[in-house]
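Derivation of every value follows stated rules applied to the coordinates shown; laboratory data play no part. Predicted, not measured: the structure shown is a model, and the values here were computed from it. Glycine gets a Cβ as well: all are built from the backbone with ideal geometry, and neighbour counts include every protein chain shown.
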């Protein structure tokens with residue numbers, strides 16, 4: 001099987017819903033210049049900074065570190081650091097301006113104390129070409145087009161966010177919403193949607209603070225109700241099923257929307273073998289199928 005992994009995924013009709021990597025908290029570090037395949041091996045991340053980063057990851061459950069950059073900030077002194085809480089109901093962003101990342105050790109990275117609150121969204125577009133060619137091919141154009149539609153200070157190039165085969169990928173913070181299969185022509189509509197607090201549902205992978213079964217169920221519920229406001233659907237509870245085989249391990253997801261509770265069963269089902277990164281071999285996939293079972297709305 002040959003071709004770009006993102007083209008192969010789209011051609012196979014691979015569902016987006018339920019594919020956002022499970023994440024509650026982000027640490028975003030401004031590192032200009034080239035990023036290595038393993039982003040934290042990049043030259044801007046010194047051993048002192050790496051020790052602070054590792055401490056954050058160890059202390060904060062479901063946390064993730066990404067490198068970010070903006071072309072407009074290439075020649076500015078200092079670096080910017082963001083601490084993001086993406087948990088539903090606790091969404092927040094704080095920022096620090098530092099002389100260098102070596103100052104990370106002096107910050108409360110786990111709690112965010114001392115950071116300056118940020119009210120605007122952050123829109124991260126993966127452009128991590130050394131990790132996968134699809135991100136290099138599609139990400140920069142999306143960044144340039146999106147900067148024409150929203151405040152450019154909201155838009156950041158990002159290291160690998162997960163899921164090369166869904167490029168171009170965007171993460172909308174602080175909500176932790178993953179959007180995928182974006183192109184430059186989509187940016188006017190996406191800019192309008194972000195300003196209005198609405199989701200482009202055709203591109204939704206999921207909210208990262210939800211387990212994958214809840215992401216899949218929420219995507220179906222948004223579509224079924226015909227709503228797309230970010231807060232139109234909220235998670236009540238999820239019982240993640242266990243099991244190793246396709247068809248085993250059904251999960252039960254309870255969501256709130258339209259004044260009532262909606263219950264879904266989400267089952268893993270076998271999908272085709274797909275290339276998950278350019279140049280790799282096809283790997284068996286499991287797709288999540290959400291079925292409504294009850295509603296009080």
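How many nm separate the modelled label positions at residue 281 and residue 256, each set 7 Å beyond the Cα in the direction of the Cβ? Once both label points are built, they end up 4.9 nm from each other.
Relative to its residue count, the range 210-297 spans a Cα convex hull of 107 Å³ per residue.
Pairwise Cα distances in the range 1-100 exceed 16 Å in 67 percent of cases. Take the Cβ atoms of residue 58 and residue 120, set R0 to 45 Å, and the FRET efficiency comes out at 0.90. Need the C-alpha centroid separation for the range 224-292 versus the range 1-25, integer Å. Rounded to whole Å, the Cα centres lie 14 Å apart. Please give the helix 187-196 orientation as an angle from the longest Cα principal axis of the chain, in degrees from 0 to 90, rounded to the nearest 10. Between helix and principal axis, roughly 90 degrees.
P(r) tail for the range 66-206: Cα pairs beyond 19 Å make up 51% of the total.
Taken along its three principal axes, the alpha carbon spread of the chain comes to 55, 45, 38 Å, from the longest extent down to the shortest. Helix 133-147 and the longest principal axis of the Cα set of the chain meet at an angle near 80°. When its C-alpha radius of gyration is set against 2.2 N^0.38 Å (N residues), the range 129-263 gives a value of 1.14. Would you please state which residues of the range 61-85 a label at residue 22 would reach in this model, taking the label point 7 Å out along Cα→Cβ and a backbone N cut-off of under 14 Å? Answer for the range 61-85: 61-64. Between 37, 92, 106, where does the largest GNM mean-square fluctuation fall for the chain, given springs only between Cα atoms within less than 10 Å? Looking only at 37, 92, 106, the largest GNM fluctuation is found for 106.
Listed from fewest to most Cβ neighbours within 10 Å, the set 93, 53 follows the order 53, 93. Kindly express, to the nearest 10 degrees and within the range 0 to 90, the angle between helix 212-225's C-alpha long axis and the longest C-alpha principal axis of the chain. Long axis of 212-225 versus the principal axis of the chain: about 70 degrees.
For 130, 283, what ranking results if the residue with the fewest other Cβ atoms within 10 Å of its Cβ goes first?
283, 130
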